[in-house]
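Here's the structure we're looking at; comments come further down.
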Amino acid sequence: MKAQTQTDSFPREHVHRWLTARLDEVRESGRGQLLSVRGRRQAGKSTAVERFVETSGVPYVYVTGLYRMTEAAQLEVAGEAFADSRMPLPIDLPEAPASWREWLSRLALAASDTPIIAVLDEFPWMTGGDTAGLEGVLQMVWDRVLEKLPVLLILIGSDLAMMERLAQHDRPLFGRVRELVVPALNPAEVSAALPGASPMEVFDAYIVTGGYPRLVSDLKRRGTPVKDWVRECFTDDLSPLVATGRLILEAEFTDSAAAYRVLAAVGASEPAQIGLKDISGAIASTGGVNKTVETAAQRALATLVDGKRLVVRELPAWAASNRLRRYRITDPYLRFWFPYVERYVDVIARGRGDLAHAAFERDWSSWRGHAVEPIVRNALELLGATDERLAGVESVLPWWTRDGQVEVDVVASSRETTEFLGTIKWREKTGINERDIAALEQVRTRVPRSADAKLAAISPEGTAPATADVAFSATDLLTAWAPSLMPLSW
């Protein structure tokens, strides 16, 4: 078992509820359930599952895979895990299992008298690259034995694409796995972790930490405003704010240098959201951009967008073609990390974190305003289910012209028309004024299907002139992640 960490201060109630419901079903039916739990590294999924098994009152075994180790080494650790549990399985402990089939058979022996939980953490590492082999063994033992016994078997992994493939129709476990995605802390959970913080301070914390529990814990421990915390962290290249990005990315890019360079190019450009030719330049040799380089860039983008889910392709609202596509890093923390840590990592290591902080301090007001925009749009989409002001809204997207000179922050649309256009002004001392609304009204006729759209003002305080039809505050936006509104599973 892993040692307890400071991330234990975050109970992750949604994860606990979902897992408890699955365990209750196992108890009531006497039949097994096979679960797949995936999430980005450092998001806190393992800690959440560990908390669940330790409080379940059920005998359990928790195995953590070893990175790039042989099957024999993995099995040795898996055998030792039977004795490491705080509530061990009710079986004798012979020598290390000779195969995964033998290890899984021991679960069957333990479950003959009582419900049990078994966790295989870092499941992709256990496969040693031969995912079909281990999956095939698991499928055989599951179908023949474990499914008929009260076993809750949980597979955890940070390789999002590999874990998602477990449930696909061409894989051995198709039709057997129930899936759970564990993201980093959402803004409401960050708010709960930082009692006394204003809604605007919560969003400041979220756009810098991305909701990663380790970072939120460090911010809470120091008890300083976000800007001061960043300055303190930049004095130490091993601080969580600096080091967590390396931990995430080293695990993601063990064999894809081109994809990392493209990700860095996208991250360095935020919020400009550069196009394909710019991205191709990031991996071009001295020979410049050519068809071969553009093909490599396309493949790297496919890896980042479809495989690793680190980048999202954006199109303007009501776009008729994909020629206006742009790219944005999905993770708020990495959107901060690339321009202010990765770019300055060498000087931070030399003790000159003041240079990185100076760049951050210089950009803070404008960067914060851009960094919060996708989070605001996400909040408005979530609020569409409960807020009467968003009745009928199905999607919330930005809009921009081909030359990028004109942009609308929020286009909230139903199936056929735009319900309202919104401007986001994330200012500390001033809200949205009449000039801001007038500028929004001026471009209303340029946005497709928006001639009759209402005008919305979105700011931390939620104040707006009479010319705005609707206004949203940071407090309003935080309610989008209220526990009562969050789904039981993802």
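Taken over segment 179-206, the criterion of being buried (at least 24 other Cβ atoms within 10 Å of the Cβ), of a type in the set (A, V, I, L, M) and assigned to a helix (DSSP H, G or I) is satisfied by VAL190, ALA205. Answer yes or no: is there a residue in segment 384-392 that is over 24 Å from the mean Cα position of the chain (by Cα), crowded, with 20+ Cβ neighbours inside 10 Å and not in a strand (DSSP E or B). Yes, segment 384-392 contains a residue that is over 24 Å from the mean Cα position of the chain (by Cα), crowded, with 20+ Cβ neighbours inside 10 Å and not in a strand (DSSP E or B).
Counting only helices (runs of 4 or more DSSP H) that fall entirely inside segment 99-166 and contain at least 3 residues that are out of contact with any Leu (no Cβ under 7 Å at 6 or more places or on another chain) and modelled with pLDDT under 95, the qualifying elements are 100-110, 131-144, 160-165. State whether one or more residues within segment 30-46 are aliphatic (A, V, I, L, M), part of a helix (DSSP H, G or I) and either open to solvent by 20 Å² or more (accessible area, probe 1.4 Å) or at pLDDT 90 or above (or both). No, because not a single residue in segment 30-46 is aliphatic (A, V, I, L, M), part of a helix (DSSP H, G or I) and either open to solvent by 20 Å² or more (accessible area, probe 1.4 Å) or at pLDDT 90 or above (or both). Is it true that some residue in segment 51-66 is open to solvent by less than 20 Å² (accessible area, probe 1.4 Å), among the charged types (D, E, K, R), in contact with an Asp or Glu (Cβ under 9 Å, 6 or more places away or on another chain) and closer than 30 Å to THR209 by Cβ? No, segment 51-66 has no match at all. The residue of segment 354-383 that is farthest from the chain's Cα centre (by Cα), among those that are open to solvent by less than 30 Å² (accessible area, probe 1.4 Å) and among the charged types (D, E, K, R), is ARG368.
For segment 301-345, the tally of residues that are closer than 16 Å to TYR212 by Cβ, open to solvent by less than 10 Å² (accessible area, probe 1.4 Å) and not in a helix (DSSP H, G or I) stands at 3.
Exactly one condition in (1) touching a helix residue (DSSP H, G or I) at 6+ places or on another chain (Cβ under 8 Å); (2) farther than 30 Å from HIS14 by Cα; (3) polar (S, T, N, Q); (4) open to solvent by 10 Å² or more (accessible area, probe 1.4 Å) is not met by THR475; state its number. Single failed check for THR475: (2). Taking the numbered list (1) open to solvent by 10 Å² or more (accessible area, probe 1.4 Å); (2) modelled with pLDDT of 95 or more; (3) not acidic (Asp, Glu); (4) not in a helix (DSSP H, G or I) in turn, GLY211 passes all entries but (1). Pairs linking a residue in segment 247-258 that is of a type outside the set (Asp, Glu) to a residue that is modelled with pLDDT under 80, with Cβ atoms under 6 Å and 6 or more positions apart or on different chains, are ALA258/ILE283. Among the listed residues MET1, MET87, which satisfies the condition of being modelled with pLDDT under 90 and surrounded by 15 or more Cβ atoms within 10 Å (Cβ to Cβ)? Among MET1, MET87, only MET1 is modelled with pLDDT under 90 and surrounded by 15 or more Cβ atoms within 10 Å (Cβ to Cβ). The set of residues in segment 289-300 that are buried (at least 18 other Cβ atoms within 10 Å of the Cβ) and either in contact (Cβ under 8 Å) with a residue 40 or more places away in the chain or of a type in the set (Asp, Glu) (or both) contains only ALA300.
The values are calculated or read from the model by the stated rules, or taken from the named source; none is laboratory data. None of these values were measured; they are calculated from a predicted model. Methodologically, a virtual Cβ is constructed for each residue, glycine included, from the backbone with ideal geometry; neighbour enumeration extends over all protein chains shown. Note: accessible area is taken over every heavy atom of the protein model, side chains too, but ligands, DNA and RNA are not part of it. Shrake-Rupley method; radii C 1.70, N 1.55, O 1.52, S 1.80 Å.
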